[in-house]
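Here is the structure we will look at, set down as structure tokens.
Derivation of every value follows stated rules applied to the coordinates shown; laboratory data play no part. Since we're looking at a predicted model, the values are computed, not measured. Glycine also receives a Cβ, built like all others from the backbone with ideal geometry; neighbour counts cover every protein chain displayed.
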Amino acid sequence: MKRVQYASDYQKSRAYAPAVVTEGGRTIWLAGILADADEEGHSLAGDFAGQVRCIYRRMARQLEAAGATLDHVVTMTGYITDVRYNLDFVEVRKEFFREDSYPSSTLVTIQALNRPDSLVEITAIAVAP
């Protein structure tokens, strides 16, 4: 897969690219991922950053099963239940994505998610070799 990322310094500081162009590869479509509990079953209710980290770990495992990594994510949509989580979302995203492989990203604030304790849900599309 060939990948070209277009991003200004501001966009890079927010850990996203406004446009990612790919050529070739396999497309992997990931459904919305929630994380109201971590991998050991401990509740993440009220822990926004913990939910985002757990979602990205789950995303990484799903991609690994498909022969891909987080570096192959080209776009994602995050849904948050409180606009005040915006900067927290960005800071956690920086922990999981390298500057040369930021995906395009949309962040939407919504009233509620499918599970009452969920504060965030993320969908993604990856293109892998």
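Here the extension length gained between ALA65 and GLU99 equals 9.9 nm, from 0.36 nm per residue of separation less the Cα-Cα distance. Extending 7 Å from Cα along the Cβ direction at LYS2 and again at GLU40 yields two label points whose distance is 4.7 nm. The angle separating the long axis of helix 48-65 from the principal Cα axis of greatest extent in the chain is about 50 degrees. Helix 86-96 axis versus longest C-alpha principal axis of the chain: approximately 60°, rounded to the nearest ten. Summing +1 for each Lys or Arg and -1 for each Asp or Glu among the other residues whose beta-carbon sits under 14 angstrom from that of ARG3 gives -1.
Taking all Cα pairs closer than 8 Å and separated by 6 or more residues, the relative contact order of the stretch 2-128 comes to 38 percent.
How fast does the stretch 2-128 diffuse by Stokes-Einstein, in µm²/s, taking the Kirkwood radius from C-alpha pairs at 10 °C and 1.306 mPa s? Here the translational diffusion coefficient equals 108 µm²/s. Taking the three principal axes of the alpha carbon atoms in the stretch 57-108, the coordinate ranges are 35, 22, 16 Å, sorted in descending order. Remark: the ASP9-THR27 segment gains 3.7 nm on full extension, using 0.36 nm per residue and subtracting the alpha carbon distance.
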